[in-house]
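Colleague: My questions all concern the structure below.
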Amino acid sequence: MNAPAPKRPPMLAAACAYLGGLAAIQSIRAMVLVSTWNAENGADKVAPLLRALRDGGMSQASAESAYKVFLTVLAVLAAAGVVFAVYTARGDRASRVGLTVVMTLVGIFFFLGATGGSFFDAVIGALAIAFTVRLWTGESKAWFRALRTGEPMVLPVKKPSKRAAEKAAAPAAAVVEPVAGPAQPVHPVHPGWTDPQVHAGSERLPKSVSVAGWVTLVGSIVVGGMSALALLTLGLIGNDYESLMRDSPFSDRLVDSGMDYDQLYRASLLVSGLCVALSIGGIAASSLTLARKRSAGVFLFVMAVVTTITSIVFFPVGLPWTAASIVVIVQLRKPESKRWFVKT
């Protein structure tokens, strides 16, 4: 009988979901930018990059033509990244190599704003590089090795710290022999019995609960930091907001939408404040969970559902957070997570 296939590490599944979602976004953005290049002044969105090409000796027409070819190649490359992400999650070794190469390039282009970027895109691109590295470390590496060899999955053992090694090498303390006395009866121990002297907080978190907590914490910190920065910027701009927006490449779209500058300013404040509030809730729920507070399970699940709905509303910008919140929900619905949260 064949040995059961090793269980896919949650971090690998999260990395593939994030990288696949980001690749899809980059492919769509590149295709939209090429298809609307003339209709919506696509050159204005990547003006700094086109300026760099012109500084290199190219004419304006040649620079635009070359950049549209680059965007077409980028769209195809990112679409391939989606396929590689799916097959990497299924354990295909060649797809892992392809996903690494593709997402390293896509992440760098996203960071540099190849399709018209911002600080938000730079953060997403940096996270893509971090998730790409996770494909080759820790449990991911052990899982692919187990699939290749057919042997049980062996997790890497962390090297003990210098302090722990010194403590282990220290001479053992003198042992005091107990005074002989009447033998005490030995009672059988029930298999489900645990020592009541062991504090509940010292119990190790299940892997699924840990993944859900850390994904929520990291995502909440990123969103909270960017939203707080946006609120600070809007507060400092104040009355100059309208003049700045009139000079921006988005002014024509704003006029076509029928929204005035005051409405856009208030909407920006509202959205940024909402994201800050959600990030605070996510940080609180994940921190309580990682602190082994079992009562935080419902709180964390509710925050994941709310994040999923909110990120879908802000599609496609919120797509990475949609993927992350779905990962959290899946992890929280696993049997080991349910058992841990309901255990008293």
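The values are calculated or read from the model by the stated rules, or taken from the named source; none is laboratory data. Predicted model only: the values in this text are computed from it and were never measured. Neighbour counts are summed over all protein chains in view; Cβ atoms, including those assigned to glycine, are modelled from backbone coordinates with ideal geometry.
Colleague: Kindly evaluate F84 against the criterion of being assigned to a helix (DSSP H, G or I) and at pLDDT 85 or above.
Modeller: When the stated conditions are applied, F84 passes them.
Colleague: For E336, only one of the following conditions fails: (1) in contact with a Gly (Cβ under 8 Å, 6 or more places away or on another chain); (2) in contact (Cβ under 8 Å) with a residue 40 or more places away in the chain; (3) in a helix (DSSP H, G or I); (4) surrounded by fewer than 21 Cβ atoms within 10 Å (Cβ to Cβ). What is its number?
Modeller: For E336, the failing item is (1).
Colleague: Also, quick follow-up: Which of the residues that make up the range 127-141 are of a type in the set (S, T, Y) and free of Cβ contacts under 8 Å to residues at least 40 places away in the same chain? Can you show your working first?
Modeller: Filtering the range 127-141 down to residues of a type in the set (S, T, Y) leaves 132, 137, 140.
Selection gives T137 alone.
Colleague: Quick one: T100 ticks every box in (1) in contact with a Ser or Thr (Cβ under 9 Å, 6 or more places away or on another chain); (2) of a type outside the set (D, E, K, R); (3) closer than 18 Å to M11 by Cβ; (4) at pLDDT below 85 except a single one, so which number is it?
Modeller: Only one criterion in (1) in contact with a Ser or Thr (Cβ under 9 Å, 6 or more places away or on another chain); (2) of a type outside the set (D, E, K, R); (3) closer than 18 Å to M11 by Cβ; (4) at pLDDT below 85 is unmet by T100, namely (4).
Colleague: Continuing with this model, one more query. Tell me the residue from L269, L300, L278, L274 that is modelled with pLDDT under 80 and out of contact with any Phe, Trp or Tyr (no Cβ under 8 Å at 6 or more places or on another chain), please.
Modeller: Details: L300 fails: modelled with pLDDT under 80; L278 fails: modelled with pLDDT under 80; L274 fails: modelled with pLDDT under 80.
Going through L269, L300, L278, L274 in turn, just one is modelled with pLDDT under 80 and out of contact with any Phe, Trp or Tyr (no Cβ under 8 Å at 6 or more places or on another chain): L269.
Colleague: To continue, here is another question. Looking at the range 50-63, which of its residues are surrounded by fewer than 18 Cβ atoms within 10 Å (Cβ to Cβ) and either in a helix (DSSP H, G or I) or on the phi < 0 side of the Ramachandran plot (or both)? Walk me through it before giving the result.
Modeller: Initially, the range 50-63 is screened for residues surrounded by fewer than 18 Cβ atoms within 10 Å (Cβ to Cβ), giving 51-52, 54-62.
Passing the criteria: R51, A52, R54, D55, G56, M58, S59, Q60, A61, S62.
Colleague: Can you find, within the range 278-295, the residue that is surrounded by the most Cβ atoms within 10 Å (Cβ to Cβ) among those that are hydrophobic (A, V, I, L, M, F, W, C) and under 18 Å from A324 (Cβ atoms)? Full working, then the answer.
Modeller: Residues of the range 278-295 that are hydrophobic (A, V, I, L, M, F, W, C), as a first pass: 278, 280, 283-285, 288, 290-291.
Those still in the list that are under 18 Å from A324 (Cβ atoms) too: 278, 280, 283-285, 290.
Working: L278: 20, I280: 13, I283: 19, A284: 17, A285: 26, L290: 18.
Here the residue is A285.
Colleague: Also, quick follow-up: Kindly provide the set of residues from the range 271-284 that are more than 22 Å from V313 (Cα to Cα) and touching a residue at least 24 places away in the same chain (Cβ under 8 Å), ordered by number.
Modeller: As a first pass, look at the range 271-284 and keep what is more than 22 Å from V313 (Cα to Cα): 284.
Passing the criteria: none in range.
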